[in-house]
Structures are given as C-alpha cells and as structure tokens.
Amino acid sequence: MKIGLTDCGSGLKKQGNYVNWLLSVSGVEVVELSAVKNNLVEMANCKGLVLSGGIDVHPSYYNNQKTDYPGAEGFDEARDRFEKEAFYFAQKKKMPVLGICRGMQFINSLMGGTLVQDLGELNKTHKGGPDKIHEVKIEKGSLLQNISNLNIGNVNSSHHQAISKLGIGLRINCKADDGTIEGVESSQSIKPFLLAVQWHPERMEDQNSPLSKNIRDSFLEAARKI
C-alpha cells in the first residue's frame, strides 16, 4: 500500500522520522512528494496523504499579507502550491489525510481558517529544540478520542504558530491548557478520514503512545479501505 508523504524540507533526519514511522507498519510503501520532484502524478497510486511539518505557510493562504511577523524565517511558495494541489487531489479522491504541525495549519488555511502568526509568550510552552512536552485535553466524542481512548495525554511540541479561526468543515479535537488548538478533524463523520495534530507523532519519544502509534495505525487502516 502506497502512502504519499510531503517533503518537510528540514533535512534528511527529520524527513526520515516520518518515513520510518510509516514504514514500521508492514505492507506500507512511502512515496515522497515534493514541488522539487514535481511528482503529483504519483498520488494516483497512493491510498492516503500525510502533510508534514516544516516552514511557515505563506500568509496569503489565510488572507493575511503580513510577512515580517516574529519568528518568520521565509516561505516556500512552490511547496505551498504543490501541497495545495495534493490536498485537493486527496479530497477529490476521498483519500484519508493526516496533517502534522504545519500540515494541520495548512489544512485549516485551505479550508478557510486563519492562523495566529506567532504565539509570543506562549512559545515558552510550545516552541523548542529539543521538543517541549505539554498536556492536551481531548474532546469527548471526537475521532481523536475514539482513536486514542484518552481524555488527557502528553505530546511533544515545536511550533510558533497555531490555528486562530477554525476552517469550514473542521472541528477541534484537543487543546493545550493555555487554549491553543492542538488538533482538528472533519466535523462530519461520513467524510473520508481527515485528522490533523499540532505535535509530531513521528518523533515522540514514546512511539507506543496512543497519540503516536494509534494515530498512525488508524490512518493506515482507513487508507487500506479505499
């Protein structure tokens, strides 16, 4: 089973975390997708799409023209355009989609939502290298709760942006104690699998955590069904 994975643009080690995370399940083949390779056509053979983390989404995607905000380190508009088409292709073909960090922010932007451009003082909790660790509270009755069987859990964190206005067709599935949105999913259960999280399940120290392993496994299970 082929899974499309976008290039995080942050070097071989970080990209390798995603690849290894997916390949740890037997029967999975990863197709790395990128604007550099210009290989969107390969999605025709994929059963699911993972939108990876990385550099900030260009503000024009969430109706904001401010590009000199704190923490801005440039943009990759070719990547934005490529991943926009990849997401729309996946939605059209009813493919399961999993968004991670930037991937969640981009999904929200493409669905009409907006972003907090920089978390300011909240970066003390959310932005770090190595990753920060904080708690998330999971919404009852959400897909994420059904997947993880948790109401509260600990996740890693390395981001300076977050969702502000929620995109159309999405629902919040978890938040940090400070109110930062940490996960979203489709608001309609009849839609194809659509889940996105602000943390990095592919590089959590505990790879058996339900907020890592169960997320991957449920995404791949959904992909097998199409």
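The values are calculated or read from the model by the stated rules, or taken from the named source; none is laboratory data. These numbers were taken from a predicted model, which means no experiment stands behind them. Note that each Cβ is placed from the backbone with ideal geometry, even for glycine, and that neighbours are counted across all protein chains shown.
Condition first: in contact with a strand residue (DSSP E or B) (Cβ under 9 Å, 6 or more places away or on another chain), assigned to a loop (DSSP other than H, G, I, E, B), in contact (Cβ under 8 Å) with a residue 40 or more places away in the chain and not hydroxyl-bearing (Ser, Thr, Tyr). Now tell me which residues in segment 128-153 satisfy that. Break it down into steps so the answer makes sense when it comes.
Quick first cut of segment 128-153, residues in contact with a strand residue (DSSP E or B) (Cβ under 9 Å, 6 or more places away or on another chain) only: 128, 130-139, 142-145, 147-148, 150-153.
From what is left, the residues that are assigned to a loop (DSSP other than H, G, I, E, B) are 128, 130-131, 139, 142, 150-151.
Still in the list and also in contact (Cβ under 8 Å) with a residue 40 or more places away in the chain: 131, 142, 150.
Listed by number, the residues that qualify are Asp131, Leu150.
Between Ser157, Ser189, Ser164, which is modelled with pLDDT under 95, touching a helix residue (DSSP H, G or I) at 6+ places or on another chain (Cβ under 9 Å) and closer than 30 Å to Asn63 by Cβ?
Values: Ser157 fails: modelled with pLDDT under 95; Ser164 fails: modelled with pLDDT under 95.
Going through Ser157, Ser189, Ser164 in turn, the sole match is Ser189.
It is to be established whether one or more residues within segment 23-39 are at pLDDT below 95, aliphatic (A, V, I, L, M) and on the phi < 0 side of the Ramachandran plot. Working first, answer last.
Initial filter on segment 23-39 (at pLDDT below 95): none.
Within segment 23-39, none of the residues are at pLDDT below 95, aliphatic (A, V, I, L, M) and on the phi < 0 side of the Ramachandran plot.
Please tell me if Ile168 is touching a Gly at 6+ places or on another chain (Cβ under 7 Å) and exposed (fewer than 14 other Cβ atoms within 10 Å of the Cβ).
Working: touching a Gly at 6+ places or on another chain (Cβ under 7 Å): yes; exposed (fewer than 14 other Cβ atoms within 10 Å of the Cβ): yes.
Here the answer is yes, as Ile168 does meet what is asked.
Kindly indicate whether Asp118 is charged (D, E, K, R) and closer than 19 Å to Gly53 by Cα.
Working: charged (D, E, K, R): yes; closer than 19 Å to Gly53 by Cα: yes.
When the stated conditions are applied, Asp118 passes them.
Do you know which of the residues in segment 54-98 that are part of a helix (DSSP H, G or I) and without any contact (Cβ under 8 Å) to a residue 40 or more places away in the chain is surrounded by the fewest Cβ atoms within 10 Å (Cβ to Cβ)? Can you show your working first?
From segment 54-98, those part of a helix (DSSP H, G or I) are 59-62, 77-92; that's our starting set.
This time we only want the ones that are without any contact (Cβ under 8 Å) to a residue 40 or more places away in the chain, so: 60, 77, 80, 84, 87-88, 92.
Numbers: Ser60: 13, Glu77: 13, Asp80: 20, Lys84: 15, Phe87: 22, Tyr88: 11, Lys92: 8.
Filtering segment 54-98 for residues that are part of a helix (DSSP H, G or I) and without any contact (Cβ under 8 Å) to a residue 40 or more places away in the chain, the one surrounded by the fewest Cβ atoms within 10 Å (Cβ to Cβ) comes out as Lys92.
Out of segment 196-218, which residues are within 21 Å of Lys175 (Cα to Cα) and in a helix (DSSP H, G or I)?
Pro201, Glu202, Arg203, Pro210, Leu211, Ser212, Lys213, Asn214, Ile215, Arg216, Ser218
Give the residue that is surrounded by the most Cβ atoms within 10 Å (Cβ to Cβ), with candidates limited to residues of segment 171-192 that are touching a strand residue (DSSP E or B) at 6+ places or on another chain (Cβ under 7 Å) and part of a loop (DSSP other than H, G, I, E, B).
Taking segment 171-192 and keeping what is touching a strand residue (DSSP E or B) at 6+ places or on another chain (Cβ under 7 Å), we get 171-177, 180-187.
When the remaining residues are screened for being part of a loop (DSSP other than H, G, I, E, B), the result is 177, 180, 187.
Details: Asp177: 11, Thr180: 20, Ser187: 14.
Here the answer is Thr180.
Please go through segment 1-28 and give me each residue that is of a type outside the set (Ser, Thr, Tyr) and part of a loop (DSSP other than H, G, I, E, B), ordered by number. Give the derivation first.
Taking segment 1-28 as the starting set, the residues that turn out to be of a type outside the set (Ser, Thr, Tyr) are 1-5, 7-9, 11-17, 19-23, 25, 27-28.
Answer for segment 1-28, where residues must be of a type outside the set (Ser, Thr, Tyr) and part of a loop (DSSP other than H, G, I, E, B): Met1, Asp7, Cys8, Gly9, Gly11, Val25, Gly27, Val28.
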